[in-house]
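**Student:** Got a structure here, written out as structure tokens. Questions coming.
All of the numbers you see were taken from the coordinates with simple rules; none came from a lab. Bear in mind that the values here come from a model prediction, so they are computed numbers and not experimental data. Cβ placement follows ideal geometry from the backbone for every residue including glycine, while neighbour counts extend to all protein chains displayed.
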Amino acid sequence: MNGLEDLPAWAALLVAFLLLLGSGLTLLGTIGLARFKTFYERVHAPTLGTTGGAGAILIASMLFFSVLQSRPVLHEVLITVFVVVTTPVTLMLLARAAIYRDRTEGTGGASGLPGDEGVNDGEHTGRE
Amino acid sequence: MSRFLPYPLLTASLLVMWLLLNSVSLGHILLGSIIAIAASWAMAALQPDKPRIRNWHLIPVLIGKVLVDIFRSNVAVSGLILKGDRARRTPGFVVIPLTLRDRTALAILACIITATPGTAWVEYHADNGRLLIHVLDLVDRDAWIELIQTRYERLLREIFE
């Protein structure tokens, strides 16, 4: 790391705080992934890493390089955009595979699937 | 104009992306524009639906709301993970009837629901407009339906329909 000593103290503190926050959130997400019991609960935990975790680390990166190079460095925005746009694709694939399994087996989370009837029968007719 | 620039929004986004990845200079603006226009012609050959944005001024409102919600649910889900099994969680599914039909708007809603920790988009039935989502801490089912419908769906409909 060259030029690190040129970084003013306020920026260094802020960058360090954001990096810790981001990595902490990502760590929490992985702990949640291990701790939660069912598939549908587990799906939620890594979202901490893709939103708060990635967000804080990317803001830290933007701040660090912008202050160091004395010009706005913003291409991290692109990473954010691509993460946000691509996560739903994998999530939907996984969630739909899981729900298909539960419906065909009629087991597992099937007791916790009120949405199953809700989507397919005429019970929830929506707004009139 | 529309023949030359079939997808002005796409062309502009590609140019911005090119400039972010390289540096802002006259040469890169020219090169980026050429590439962006060529790419939008290629896109036109695929003939996708063209999103129509009716209310540009509401987009920052939407982004603001989403950022606030992402922050709040990050805090909420972190709390749930830290408490672990000591806290009583009530995960569950919610069926949300949607009147939103615009495909781009639905795609954006999917990104929003997925990007907020604690809610996950599971399934959408295009024929009856019912969306199935999974909520990590489901306290009040009707409150969630109300939340998605008034907070996001109405705004997305104002922007796109």
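**Student:** Residues in region B:1-58 that are β-branched (Val, Ile, Thr), assigned to a helix (DSSP H, G or I) and away from chain A (no Cβ under 14 Å): how many? Walk me through it before giving the result.
**Tutor:** Keep residues of region B:1-58 that are β-branched (Val, Ile, Thr), which gives B:11, B:16, B:24, B:29, B:34-35, B:37, B:53.
Okay, now just the ones that are also assigned to a helix (DSSP H, G or I), so B:11, B:16, B:29, B:34-35, B:37.
Now restrict to residues that are away from chain A (no Cβ under 14 Å): B:11, B:29, B:34-35, B:37.
Summing the residues that are β-branched (Val, Ile, Thr), assigned to a helix (DSSP H, G or I) and away from chain A (no Cβ under 14 Å) in region B:1-58 gives 5.
**Student:** Taking region A:13-52 on its own, how many of its residues are surrounded by fewer than 21 Cβ atoms within 10 Å (Cβ to Cβ), of a type in the set (Ser, Thr, Tyr) and over 18 Å from A:Val83 (Cβ atoms)?
**Tutor:** Total satisfying the criteria: 1.
**Student:** Among the residues of region B:60-85, which ones are more than 7 Å from every other protein chain (Cβ to nearest Cβ), buried (at least 20 other Cβ atoms within 10 Å of the Cβ) and touching a Leu at 6+ places or on another chain (Cβ under 8 Å)?
**Tutor:** B:Leu80
**Student:** Something else now. Are there strands (runs of 3 or more DSSP E) fully within region B:68-161 with at least 1 residues that are farther than 23 Å from A:Thr86 by Cα? List them.
**Tutor:** On the way: elements: B:92-97, B:119-125, B:130-135.
Fully inside region B:68-161 and qualifying: B:92-97.
**Student:** Taking region A:53-71, which residues are within 10 Å of chain B (Cβ to nearest Cβ) and more than 17 Å from A:Pro88 (Cβ to Cβ)? Please lay out each step first, then the result.
**Tutor:** Pass one, region A:53-71, residues within 10 Å of chain B (Cβ to nearest Cβ): A:53, A:55-56, A:71.
Selection gives A:Gly53, A:Ala56, A:Arg71.
**Student:** Within region B:86-114, track down each residue that is surrounded by 17 or more Cβ atoms within 10 Å (Cβ to Cβ) and among the aliphatic types (A, V, I, L, M).
**Tutor:** Scanning region B:86-114 gives B:Val94, B:Val95, B:Ile96, B:Leu98, B:Leu100, B:Ala105, B:Leu106, B:Ile108, B:Leu109, B:Ala110, B:Ile112, B:Ile113.
**Student:** Return the residues of region B:125-134 that are more than 8 Å from chain A (Cβ to nearest Cβ) and surrounded by fewer than 20 Cβ atoms within 10 Å (Cβ to Cβ); say none if nothing qualifies.
**Tutor:** B:Ala126, B:Asp127
**Student:** Looking at B:Arg101, is it under 15 Å from the mean Cα position of the chain (by Cα) and touching a residue at least 40 places away in the same chain (Cβ under 8 Å)? Please lay out each step first, then the result.
**Tutor:** Numbers: under 15 Å from the mean Cα position of the chain (by Cα): yes; touching a residue at least 40 places away in the same chain (Cβ under 8 Å): yes.
It is true that B:Arg101 is under 15 Å from the mean Cα position of the chain (by Cα) and touching a residue at least 40 places away in the same chain (Cβ under 8 Å).
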